[in-house]
1. Which aspartates and glutamates, on any chain, are close to residue 93 with Cα under 16 Å apart, when same-chain ones fewer than 8 places away are left out?
2. Evaluate the charge dipole of the stretch 3-96 about its Cα centre and quote only its size in Debye, nearest 20, assuming +1 on the Cβ of each Lys and Arg and -1 on the Cβ of each Asp and Glu.
3. Please give, to one decimal in nm, the separation of the simple spin-label points placed at residue 28 and residue 60, each 7 Å out from Cα toward the Cβ.
4. Could you give each residue of the stretch 47-54 its phi-based ³J(HN,Hα) in whole Hz, using Karplus coefficients 6.51, -1.76, 1.60 with θ = phi - 60°, and x for Gly or Pro?
5. Need the C-alpha centroid separation for the stretch 5-28 versus the stretch 43-72, integer Å.
Amino acid sequence: MPVADVKRELPSNRMIFDARRDPAKYTNFSDNYETLMEEYGLSEEERQAFRDIDIKRLGELGVHPYFLPQVSRLFHGGAYNHNNSPSAQAYGKSVVEGKGKTR
């Protein structure tokens, strides 16, 4: 998942960028992401990766590497982010261990 493989036009990249910076989108993201995916025009492959919280797959689809851990934080929260936090564990399971889906 190198930066060279990023698809800058991928709707997921814009959605993640906006959601991390807009409190209205960030708050309760995990309850409202279906609406956001529709609003941003994500493909069915992107939508399924978000439904599964499959961070590895999102990287394969072209999501920027910086945004991949952000996906985990959107679903699991970013407070008290450390190696044992739920978001770090989900990221590690999906990307580092290569197990894909975390849901």
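1. Within the straight-line cut-off, residue 93 pairs with 52, 54, 60.
2. 400
3. Reported label-point gap for residue 28 and residue 60 is 3.3 nm.
4. Computed from phi, the couplings for the stretch 47-54 are 4, 5, 4, 5, 4, 7, 6, 9 Hz.
5. 11
The numbers here are math on the coordinates, done by the rules we state, and not lab data. On a predicted model such as this, the values are computed, not experimentally measured, just so you know. Because the Cβ atoms are built from the backbone with ideal geometry, glycine has one as well, and the counts that use them run over all protein chains shown.
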